[in-house]
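Inspection log for the structure reproduced underneath, given as C-alpha cells.
What follows draws every value from the coordinates through simple rules; no lab data is involved. What you are looking at is a predicted structure, and each value in this text was computed from that prediction instead of being measured. FYI the Cβ positions are ideal-geometry reconstructions off the backbone, even for glycines, and counts take in every protein chain you see.
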Amino acid sequence: MKIDGAWDKKEWKRAKSVKITHYMGAIPKFTPETEAKLLYDDNNIYLIFKVNDQFVKSTVTEYNGNVSGDSCVEFFFAPDSDKPLHYFNLEVNAGGTPLIFYVTKPWTEFTKLEAKSIDQIEIAHSLPKVIDPERSEPVTWTIECRIPFSVLKQFSNVTVPKPGAVWKANFYKTGSRTSNPHWLTWSFVDHPKPNFHLPEFFGKILFE
C-alpha cells in the first residue's frame, strides 16, 4: 500500500489499534494520546502511529541521532520467536527521522543499521521535518512505515508473520527533551526509572 501517513485509509481500517497509556517516570503535565497499528504482507510489516499531541519539537535530522529527545514514537520488536530478548528498536521523531539498532544485550551489545539498510525502510510523516521552536498548541501527527523483512534478515532470523505467529514487542511514546518530558508504553514496564530497553516486559503480538 502507499506509505503516506494517512491513518484513515482503507487498508488501516482492517486493523485494530493499541493505545499507549502506561507511564514511566513522573506523570507529565500533558499526556499525548497515542495509538498504533500493524499489518503485514509476504514481504513487509507495516506500522502506523497517530498522536494527539502538544509541545511538539523535532530537531534531529541525521540517521541514528538522538531522536528520542524530540517528540518521538517507537516500536521495539523481537521478530525471532526463539530469541524474544533480541530486538530491533525503531525510533522515529515527528519529522520522520529514524534511529534503528539491532540489540542482543541492552545498552552494551548492539548493531547500528547503516544508511544503506535504513534507506530501504519507507517512512511517511505528516509534520515538517524540522519543528523548531517547539509548538505548544494541540496538533495531531502520524508516522507510517514499511519495514521489509529482507532488512531484518540481515541481522536476525525472522518468524514470518502468518496466522498464529508470535512476536514480542512494545510501542512507546516519548519526548525526553521537550518542555513536556514523558515516557509512555503500551505493555506495562515495571521499573522505577524510564527505560524502554527492557525486553522482558515486551507484550505479545499474535498475528491473524
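Assorted remarks:
- Mean Cα-pair separation over length for region 62-169, i.e. relative contact order, pairs under 8 Å, 6 or more apart, %: 28 percent
- Simple label model, 7 Å out from Cα along Cβ direction - Phe188 to Asn52, nm: 2.4 nm
- Cross-link table Lys9/Lys83; Lys105/Lys193; Lys29/Lys83; Lys57/Lys162, entries beyond 29 Å C-alpha to C-alpha: Lys9/Lys83; Lys29/Lys83; Lys57/Lys162
- Translational D in µm²/s for region 124-205 (Stokes-Einstein at 37 °C, 0.692 mPa s, Kirkwood Rh from C-alpha pairs): 205 µm²/s
- 25 °C / 0.890 mPa s Stokes-Einstein diffusion coefficient of the chain, Kirkwood radius on C-alpha pairs, µm²/s: 144 µm²/s
- Spin-label model, Ala6 to Thr21: label points 7 Å out along the Cα-to-beta-carbon direction sit 2.9 nm apart.
- Projected area averaged over orientations for region 66-135, convex hull of C-alpha atoms, nm²: 5.4 nm²
- Taking amide H atoms as placed 1.01 Å from N in the peptide plane, the amide H of Thr59 lies under 5 Å from those of Ile131, each 5 or more residues away in sequence or on another chain.
- The Cβ shell under 13 Å around Phe30 holds other residues with a net charge of -1, Lys and Arg each +1, Asp and Glu each -1.
- Each residue, Lys153 and Phe201, gets one label point 7 Å from its Cα in the Cβ direction; the gap between the two is 3.4 nm.
- Residue-by-residue Karplus 3J(HN,Hα) for region 167-182, coefficients 6.51, -1.76, 1.60, Hz, glycine and proline x: 10, 9, 6, 8, 10, 9, 9, 8, x, 5, 10, 8, 6, 10, x, 7
- Sequence ranges 24-31, 81-88, ranked by mean other-Cβ count within 10 angstrom, highest first: 81-88, 24-31
- Evaluated at q = 0.17, 0.22 Å⁻¹: base-10 log I(q)/I(0), Debye formula over Cα of region 59-181: -0.88, -1.32
- Toward the positive end of the charge dipole of region 25-199, with +1 on the Cβ of Lys and Arg and -1 on the Cβ of Asp and Glu, the farthest Cα among Pro199, Ile147, Trp183 is that of Pro199.
- Between region 149-208 and region 24-48, the alpha-carbon centres lie 9 Å apart.
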